[in-house]
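Asks: Take a look at the following structure, please.
The values are calculated or read from the model by the stated rules, or taken from the named source; none is laboratory data. Values in this document were obtained by computation on a predicted structure and should not be read as measured data. Cβ coordinates were reconstructed from backbone atoms using ideal geometry, including for glycine residues, and neighbour counts include every protein chain displayed. Keep in mind that these areas ignore ligands, DNA and RNA; they rest on the heavy atoms of the full protein, side chains included. Shrake-Rupley method; radii C 1.70, N 1.55, O 1.52, S 1.80 Å.
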Amino acid sequence: MVVTLYFANGTDQTVVVEEIEELCITDGDMVFTDVSAYMGNVLMPGEGLVYELTIPCDYVAGYGWNQPAVSAFRVVTEVQ
C-alpha cells in the first residue's frame with residue numbers, strides 16, 4: 001500500500017517542507033499507524049512535490065484492510 005501526498009507552493013517565496021507529523025492511517029475505528037517523517041525538501045515558488053509513504057505488504061496482508069484512510073497529518077514548513 002502506498003499513501004501519496006502532494007505539496008504545492010502557491011506563494012512567491014521559497015518554502016521548505018521540513019517534516020510530516022502524526023500521519024495517521026485508520027481503518028474504521030482502528031488506528032493502523034501513526035508516523036512522522038523528516039523531509040527537508042525545498043519548494044521554489046510554483047513548484048510541487050510528491051511524497052510517497054510505502055507500507056510493507058506484510059502489514060497490509062496481515063492486517064486485513066477494509067477501508068483504509070489517512071485521517072490526519074500535520075506539515076511543518078519554513079518560509080525562506
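Asks: Got a number for carbon plus sulfur as a percent of the chain's accessible area, 1.4 Å probe?
Replies: With neighbouring chains kept in place, the figure for the chain is 50 percent.
Asks: Probe of 1.4 angstrom, ligands and nucleic acids ignored: what's the accessible area per residue over the chain, in square angstrom?
Replies: In whole numbers, the chain has 65 Å² accessible per residue.
Asks: Residue separation times 0.36 nm, minus the C-alpha to C-alpha distance between Gln67 and Thr4: what's the value?
Replies: Numbers: separation 63, 0.36 × 63 = 22.68 nm, distance 1.62 nm.
Length gained, Gln67 through Thr4: 21.1 nm.
Asks: For labels at Glu18 and Met30 in the simple 7 Å Cα→Cβ model, what's the distance in nm?
Replies: Inter-label distance under the simple model: 3.5 nm.
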